Amino acid sequence: MPSRVSFTPEHQETLFFNPRRNLTDLILALDQGTTSSRSILFTEKAEIRAVASEPLECRYPDSGWVEQDAEAIWETQRSTIVKVLDQAGIGLSEVSAIGITNQRESTIAWNRETGEALCPAINWQCRRTAGFCDELKEEGFDELIRNRTGLVTDPYFSGTKMHWILQNVPEAANLARQGKLCFGTVDSWLIWKLSGGTTHAIEISNASRTLVFDIQKCEWDSEILSRFGIPPESLPEVVPSSGVIAEVDESLFGGSAPIAGAAGDQQAALFGQACFSPGMAKNTYGTGCFMISNTGKHLIRSQNGLLTTIGWKLGDEVTYALEGSVFIAGALVQWLRDGLELFNDAAETESMALSVPDSGGVFVVPAFVGLGAPHWDPYARGLMVGLTRDTRRSHIVRASLEAIAFQSAEVLNSISQDTSESLNELRIDGGAAANQFLCQFQADLLGLDVRRPQILETTAMGAAFLAGLAVGTWSDQQVLSNLWKEEKTFRSSIDRDTADAKMKEWLRAVERSKAWIQ
């Protein structure tokens, strides 16, 4: 039976004294996301040397259901590794370390003996477990979950997905009885595959998103596992964010390298944005939209619908964070392009939005798979209101970009209320952060500086930073802070009364989207 990695004190000692650390100045970051798998090769100066990407599809077998081919997740990621090494003209053994960042709550079950996935990966956006979440709320168990995990009881998280698999995939239940079942998030799946099935591990920020992990004790919660019917032996070993986790199987790429860092995509972006001090915050505009604020050693329990989560763990020190998760952001632009066919390229949205003075009274609430923070309504559905005979494509496009910023503003306001602090700036990244209109409208709504870095690949950079710290490519976080470079700052250009009036109108629209599905 393949071994489970054990993070002993002796193992910890190797984290910063890896003999490979002076081999090269190259760190390979694997960025496995919802719509693509990517590999990016970074130099010691945090410059990109090579990039490769493969698209990844989602399937929608039922209303609110989202799933992906687990084997395709691995194969596309493997393909990008080969491509990026070819681009750079190097072998894997010439890479100092590998860092992994991933779509977080997506859940995979596989056979411990064969390494084969038992069913499609249940994507983080999937709502199929809403009924089970309602059941937990009705019995009051959601309060215990909130207290132990820092999370709300919602289909978003991995634990309810594991429960669904055990209830609906007979082979998974059978393997669980035999002690041959493996559960994991995408980082676990990639670590298993890369190590040739020798290491079943999960990085701690990913573990904190499962709904079955006690973020104060930093261990799997036996009471929640029992209620969910999840056998503890099916879960991976929890490891820190920076440290050697496993070696890549030489047979895969003709050489090996240590997997030395990992973090969920949003925590990786926070780290890649050098938000190392409490009070610093970042927002990632990806498929969804995710704002996280570093709260340091303090575990702050939100009173405003936010998630208390683990940012990362370096050595023995855990850094906590507050997060607001918006399920649909860039995916809204993708829908406008592919579903409604309003334009051919997402880059067109900026000029379309600027071609009209305002949205013409149109509001778009992209609750395609329910609402995330701070509303947490899995039964909400998307709507478009304020349409008139004068409404044009450009009004709808502008209202959609504004919707991304409105959702983010709601989250930041909640963070300020929970921490009793006013942020001075927001660091942004992700694909949609390249849109000038979106960035400016975000600054207008928030009334603070929105700072965009020179390199928008901060998620992959965070994974690289964590891996590089482990093998000595970078000595400490101050060195990493010095590597962060700003490309542009967006400053608010409207008064607060105008911004507040816009937010009130947005919230009216949000209320009309709630509880649509019974």
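The values are calculated or read from the model by the stated rules, or taken from the named source; none is laboratory data. On a predicted model such as this, the values are computed, not experimentally measured, just so you know. Here the Cβ positions follow ideal geometry from the backbone for every residue, glycine too, while neighbour counts run over all protein chains shown. These area figures cover heavy atoms from the full protein model, side chains too; ligands, DNA and RNA do not enter into them. Shrake-Rupley method; radii C 1.70, N 1.55, O 1.52, S 1.80 Å.
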Q: Check GLY361, GLY305 and return the single one that is of a type outside the set (D, E, K, R), surrounded by fewer than 22 Cβ atoms within 10 Å (Cβ to Cβ), modelled with pLDDT of 95 or more and within 22 Å of GLU410 (Cα to Cα).
A: GLY361
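Condition check ((1) assigned to a helix (DSSP H, G or I); (2) under 25 Å from the mean Cα position of the chain (by Cα); (3) exposed (fewer than 12 other Cβ atoms within 10 Å of the Cβ); (4) of a type in the set (A, V, I, L, M)) across all residues:
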{"residue": "ASN482", "(1), (2), (3), (4)": "yes, yes, yes, no"}
{"residue": "THR489", "(1), (2), (3), (4)": "no, yes, no, no"}
{"residue": "ASP497", "(1), (2), (3), (4)": "yes, no, yes, no"}
{"residue": "LYS502", "(1), (2), (3), (4)": "yes, no, no, no"}
{"residue": "TRP506", "(1), (2), (3), (4)": "yes, no, no, no"}
{"residue": "ALA509", "(1), (2), (3), (4)": "yes, no, no, yes"}
{"residue": "ARG512", "(1), (2), (3), (4)": "yes, no, no, no"}
{"residue": "TRP516", "(1), (2), (3), (4)": "no, no, no, no"}
Q: State whether one or more residues within region 102-123 are open to solvent by 10 Å² or more (accessible area, probe 1.4 Å) and under 19 Å from GLY264 (Cα atoms).
A: no
(Q) If I ask for residues that are under 19 Å from ALA433 (Cβ atoms), among the hydrophobic types (A, V, I, L, M, F, W, C) and open to solvent by 20 Å² or more (accessible area, probe 1.4 Å), which ones from region 243-286 would you list? (A) MET280
Q) Got a number for residues in region 416-432 being open to solvent by less than 20 Å² (accessible area, probe 1.4 Å) and either polar (S, T, N, Q) or modelled with pLDDT of 90 or more (or both)? A) 2
Q: Taking the options VAL51, VAL66, VAL82, name whichever one is modelled with pLDDT of 90 or more, open to solvent by 40 Å² or more (accessible area, probe 1.4 Å), of a type in the set (A, V, I, L, M) and out of contact with any strand residue (DSSP E or B) (no Cβ under 6 Å at 6 or more places or on another chain).
A: VAL82
Q: Among residues belonging to region 364-378 that are part of a loop (DSSP other than H, G, I, E, B) and open to solvent by 30 Å² or more (accessible area, probe 1.4 Å), point out the one that is nearest to VAL152 (Cα to Cα).
A: TRP376
Q.
Condition first: within 20 Å of the chain's Cα centre (by Cα), modelled with pLDDT under 95 and open to solvent by less than 40 Å² (accessible area, probe 1.4 Å). Now tell me which residues in region 1-48 satisfy that.
A. GLY33, THR34, SER36
Q. Within region 379-388, is even one residue open to solvent by 30 Å² or more (accessible area, probe 1.4 Å) and either more than 21 Å from LYS504 (Cβ to Cβ) or in a helix (DSSP H, G or I) (or both)?
A. yes
